[in-house]
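A short worksheet on the structure shown next.
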Ligand code: CA
């Protein structure tokens, strides 16, 4: 479970942020002082810190410097000072983003998601494959085209996943069959053609002119990431 640590000395603000983040499924820890927040960040497993700049005990800058010396945690600074200098120095110390008060909790949630996504991409932990308007969430076993969720059979999912891992790479029917290892299949290369046909019907806007799954004559198929 993704854990967010809120270090904020205004109790009302802290509570509002907490409830919004919990509603999004995050585990939330809170601290009302810089020093206690800093301690929590070291003793608990924390995935992101929302850090107020002006805090009792230890100010936000010190907390950020201290945390980043010990751990690699994305930090979003919350600041009441609007001066550009403060924003810049906030980012210079390694904070990933900053938010200026007053802000809407919804905006904060959106920023948290963006920073986490960017951060997970950098660490290679994100299990999402994106090709054009197609998005595969590997853990959730879900495929989306634009905003629409597409229902795939397990075989279709495995074939698409293999191709989406290396867009542009051509796969032979045999290689695609290998992706179905451990699943019951009719065991013949031509079954791949049937799966591809079904996949196209689900993910292509025009099955006669497929933009995503291209046939490479005499070899097999590839998932195309290029516009044409
Ligand atoms: Ca404050």
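The numbered conditions (1) part of a loop (DSSP other than H, G, I, E, B); (2) farther than 15 Å from residue 9 by Cα; (3) modelled with pLDDT of 90 or more are all true for residue 55 except (2).
Scanning region 138-150 for residues that are closer than 18 Å to residue 223 by Cα and either surrounded by fewer than 13 Cβ atoms within 10 Å (Cβ to Cβ) or touching a residue at least 12 places away in the same chain (Cβ under 8 Å) (or both) yields 138, 143, 145, 146, 150. Out of region 27-37, which residues are closer than 14 Å to residue 53 by Cβ and under 25 Å from the mean Cα position of the chain (by Cα)? The answer is none; no residue qualifies.
Yes or no: residue 29 touching a strand residue (DSSP E or B) at 6+ places or on another chain (Cβ under 6 Å), within 14 Å of the ligand (Cβ to nearest atom), outside any loop (DSSP other than H, G, I, E, B) and at pLDDT 80 or above? No: the conditions fail for residue 29. Restricting attention to region 14-26, the residues that are within 16 Å of the ligand (Cβ to nearest atom) and either within 23 Å of the chain's Cα centre (by Cα) or touching a residue at least 60 places away in the same chain (Cβ under 8 Å) (or both) total 3.
Only residues that are in a helix (DSSP H, G or I), surrounded by fewer than 18 Cβ atoms within 10 Å (Cβ to Cβ) and within 16 Å of the ligand (Cβ to nearest atom) were counted across region 32-46, and they come to 2.
The values are calculated or read from the model by the stated rules, or taken from the named source; none is laboratory data. Given the structure is predicted, the values throughout are model-derived calculations rather than measurements. Positions of Cβ are generated from backbone atoms using ideal geometry, with glycine treated the same way; all protein chains shown enter the neighbour counts.
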